[in-house]
1. Please enumerate the residues belonging to region A:49-77 that are modelled with pLDDT under 90, touching a Leu at 6+ places or on another chain (Cβ under 8 Å) and over 17 Å from residue B:18 (Cβ atoms).
2. Can you tell which of B:50, B:81 is open to solvent by less than 80 Å² (accessible area, probe 1.4 Å) and within 11 Å of the chain's Cα centre (by Cα)?
3. Restricting the search to region B:15-47, which residues are open to solvent by less than 90 Å² (accessible area, probe 1.4 Å) and acidic (Asp, Glu)?
4. Do we find that residue B:97 is open to solvent by 60 Å² or more (accessible area, probe 1.4 Å) and either touching a strand residue (DSSP E or B) at 6+ places or on another chain (Cβ under 6 Å) or more than 25 Å from residue A:53 (Cβ to Cβ) (or both) in this structure?
5. Scan region A:72-131 for residues that are part of a strand (DSSP E or B) and open to solvent by less than 80 Å² (accessible area, probe 1.4 Å) and report the count.
6. Under 8 Å between Cβ atoms, at least 6 apart or on separate chains: pull out the pairs that start in region B:79-99 with a residue that is within 12 Å of another protein chain (Cβ to nearest Cβ) and end on any residue that is loosely packed, with under 14 Cβ neighbours inside 10 Å and in a helix (DSSP H, G or I).
7. What are the residue pairs meeting all of these: first residue in region A:33-61, first residue within 12 Å of chain B (Cβ to nearest Cβ) and in contact (Cβ under 8 Å) with a residue 24 or more places away in the chain, second residue polar (S, T, N, Q) and open to solvent by less than 20 Å² (accessible area, probe 1.4 Å), Cβ atoms under 6 Å, and 6 or more apart or on different chains?
8. Would you confirm, using the coordinates I've provided, whether residue A:28 is surrounded by 14 or more Cβ atoms within 10 Å (Cβ to Cβ), modelled with pLDDT under 85, out of contact with any helix residue (DSSP H, G or I) (no Cβ under 7 Å at 6 or more places or on another chain) and within 11 Å of another protein chain (Cβ to nearest Cβ)?
Amino acid sequence: MKAKKEEKQEKFVPYEKSHKLEKMKLFVIIVPFGQAQTIEKYLFNLGVTAAFCSTGEGTGTREMYEVLGLSDSKKQAIFTIVKESIVPQLIEKLKHRFSVSKYSKGIAFSVDITSVVGVSIYKYLVNNREV
Amino acid sequence: MDNEKELIVCIINNGFSDLVMDAARKEGAKGGTIFHARGTGNLEMEKFFGISISPEKEMILIVVAKEERDHVVNAIYKEAGLDTKGQGIIFTLPVSDFVGPQPIPRH
């Protein structure tokens, strides 16, 4: 009986063996207060599923602020997890956005993610609809 | 790559961000972003080491060039390290992409 049961069970194949995994990055985008929604729109158009927004304060030097023409130092930071394949497009969009006007200046950087726990969380973050 | 950057994350007690930013700026950092946060220190650890961890914290993110990183981190540690009242925890992460103001070359 036991042998029959084992035969019935499908052989377990880890997700990373059966699918090609895409690398992910944590993108942090810091923009002047009130402009986070615009950036989020860009992100969701590119197929990003998760973005976390928080408020902070800028501490740039006086000279830097004069160059950029900023007086308000309140900032919004967006922490988002994106897959590596859309990073070039996102960088282009951000470069364009930051060069629109001196009031839309910002800074963005990314840090590599080394691990994710849970297949469903991974699927959600990389937005793999076809799987 | 000669324009590699590093992210410095600095978690300090509330009110010490000016100290950190002044120290960082002296070593060539252009700016940083402050977030207000709340610490969740381990009570047992606090008793064991005989220190108190005030829950109000500030988190500072600074992006600097790779060559400047060590100097900036050292300066911050001297001003607001764990042995001082700032009780700062400082660590750095490698940054893979960067978009933003490019550094003005020094003459």
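1. A:49, A:50 - these are the residues of region A:49-77 that are modelled with pLDDT under 90, touching a Leu at 6+ places or on another chain (Cβ under 8 Å) and over 17 Å from residue B:18 (Cβ atoms).
2. On the way: B:50 fails: within 11 Å of the chain's Cα centre (by Cα).
When all the criteria are applied, what remains is B:81.
3. Start the filter on region B:15-47 by keeping residues that are open to solvent by less than 90 Å² (accessible area, probe 1.4 Å), which leaves B:15-17, B:19-25, B:27-35, B:37, B:39, B:41-42, B:46.
Selection gives B:22, B:27, B:46.
4. Working: open to solvent by 60 Å² or more (accessible area, probe 1.4 Å): no; either touching a strand residue (DSSP E or B) at 6+ places or on another chain (Cβ under 6 Å) or more than 25 Å from residue A:53 (Cβ to Cβ) (or both): yes.
Here the answer is no, as residue B:97 does not meet what is asked.
5. First, the residues of region A:72-131 that are part of a strand (DSSP E or B): A:74-83, A:107-112.
Checking the rest, the ones that are also open to solvent by less than 80 Å² (accessible area, probe 1.4 Å) come to A:75-83, A:107-111.
Counting residues in region A:72-131 that are part of a strand (DSSP E or B) and open to solvent by less than 80 Å² (accessible area, probe 1.4 Å) gives 14.
6. Close Cβ pairs (under 8 Å, with a partner that is loosely packed, with under 14 Cβ neighbours inside 10 Å and in a helix (DSSP H, G or I)) amount to B:99/A:95.
7. Within 6 Å, the pairs are A:56/B:33; A:58/B:33.
8. Numbers: surrounded by 14 or more Cβ atoms within 10 Å (Cβ to Cβ): yes; modelled with pLDDT under 85: no; out of contact with any helix residue (DSSP H, G or I) (no Cβ under 7 Å at 6 or more places or on another chain): yes; within 11 Å of another protein chain (Cβ to nearest Cβ): yes.
Considered against the rule, which asks whether it is surrounded by 14 or more Cβ atoms within 10 Å (Cβ to Cβ), modelled with pLDDT under 85, out of contact with any helix residue (DSSP H, G or I) (no Cβ under 7 Å at 6 or more places or on another chain) and within 11 Å of another protein chain (Cβ to nearest Cβ), residue A:28 comes out as no.
The values are calculated or read from the model by the stated rules, or taken from the named source; none is laboratory data. The structure displayed is predicted, hence computed values, not measured ones. All Cβ positions, even for glycine, are placed from backbone atoms using ideal geometry, and neighbour counts span all protein chains on display. Protein only, heavy atoms only, side chains kept; ligands, DNA and RNA dropped before computing areas. Shrake-Rupley method; radii C 1.70, N 1.55, O 1.52, S 1.80 Å.
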